[in-house]
Amino acid sequence: MQALVKEISLQKNYLEGETIETIYFGGGTPSLLSADEISLLIDTISGLHTVSANAEITLEANPDDLDKAKLQALKQTDINRLSIGIQSFFDDDLQWMNRVHRANEAEASVKRAQDLGFENITVDLIYGYPLLSNDKWKHNLNKAFELDVPHVSSYSMTVEPKTALASFIKKKKQAAMDDQQSAGQFITLMDTMQTHDFEHYEISNFCKPGQYSRHNSNYWKGVKYLGIGPSAHSYNGETRQWNIANNSAYIQAFETNNIPAEMELLTETDRLNEYIMTSLRTMWGLDLNKLNSIAAASVNQLNTAARGFFDSGWIEKNNDIIYLTRAGKLYADHIASELFF
């Protein structure tokens with residue numbers, strides 16, 4: 001906590017005096033913090049920056065952390081949005097994922113939060129793993145609708161290198177992830193969300209009209225941000241920096257008032273590719289005029305590279321903005337990588 005407070009102070013000029021519109025307490029597990037610790041961090045930010053009166057302030061939380069006492073304490077802070085890591089409403093799935101909470105705790109945590117006045121809630125759900133049948137996936141989605149949350153983030157299970165899951169798959173103790181299953185369940189996700197009038201505003205994010213995550217939307221729109229803490233990343237439009245990952249080394253650095261971060265200057269090509277990657281994922285699309293403002297000759301080159309995707313029906317253009325079609329959303333990463341400069 002002392003190191004975090006020190007970093008907030010040392011980084012006070014990074015955003016060049018811009019008003020803070022969003023604050024996000026992200027993973028690991030920030031719901032382990034006490035309400036007093038959360039307030040200390042928010043108060044430190046407010047003492048050094050102008051924070052908007054209607055700022056979106058989100059806390060990521062595990063369901064098992066959100067008992068009544070915790071939620072009552074959080075209600076006394078400036079937290080006004082909860083991101084609850086539910087993942088599944090089936091106990092066997094949660095055990096397979098090594099999650100601590102159980103399905104009944106997941107459902108109860110959302111209801112408790114709502115009862116105590118937290119209306120702006122998003123839940124995380126995962127699909128595309130061996131235990132998840134299509135019927136179970138539909139049940140998970142329907143449970144989210146029954147809970148009447150305004151926002152859902154949903155991700156396909158990925159296998160990270162050097163994890164236990166990767167080792168089990170390599171040793172044939174665990175089935176590999178199935179791309180066809182993931183694609184089918186992503187299509188079910190899109191269809192079901194549309195049926196319930198949720199907007200598909202980013203590949204993995206759905207919301208009731210107007211209930212976008214302002215914080216995450218800013219990432220995809222290229223807005224500056226400052227990350228605080230071990231492994232945190234920051235971006236100001238021209239450079240990107242990232243903090244050291246090791247907790248002890250991070251803390252020790254601030255004992256000598258050093259910011260333990262590396263920085264890279266983004267080249268024109270970097271900025272073009274980042275804009276392509278982030279903008280194509282959203283309902284707002286890739287604006288060719290903005291691309292042109294980064295590099296004047298870029299539009300013709302992109303149009304040439306995109307010709308095959310227009311022909312296949314994976315992307316479409318309307319008023320100088322390129323969008324992924326419904327079919328194209330299944331290939332978002334591939335399309336973006338093929339359009340890179």
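Nothing in this text is a laboratory measurement; each read-out follows from the coordinates by a stated rule. Because the structure is a prediction, the values reported are computed rather than measured. Cβ: placed from backbone, ideal geometry, glycine included. Neighbour counts: every protein chain shown.
Numbers below:
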quantity: Unsatisfied cross-links (Cα-Cα over 21 Å) in the set LYS75/LYS111; LYS111/LYS208; LYS12/LYS224; LYS170/LYS329; LYS138/LYS171; calculated: LYS170/LYS329; LYS138/LYS171
quantity: Length gained when the stretch ASN218-SER34 is fully extended (0.36 nm per residue, less Cα-Cα span); calculated: 63.5 nm
quantity: Dimensions (Å) - the range 50-108, Cα atoms, principal axes, largest first; calculated: 46, 21, 15
quantity: Scaled radius of gyration (Cα, divided by 2.2 N^0.38 Å) that the range 1-70 gives; calculated: 1.18
quantity: Extension gain (nm, one decimal) between THR267 and LYS162, 0.36 nm per residue minus Cα-Cα; calculated: 34.7 nm
quantity: Average projection area in nm² (convex hull over Cα atoms of the range 264-341, one quarter of hull surface); calculated: 4.9
quantity: Read-out Rg/Rh (Cα atoms, Kirkwood Rh), derived from the coordinates shown; its label in (1) 0.96; (2) 0.99; (3) 1.01; calculated: (1)
quantity: Packing-based order for 78-87, 261-270, using average beta carbon neighbours within 10 Å, highest first; calculated: 78-87, 261-270
quantity: Compactness of the range 62-150 - radius of gyration and Dmax, Cα, Å; calculated: 13.2, 41
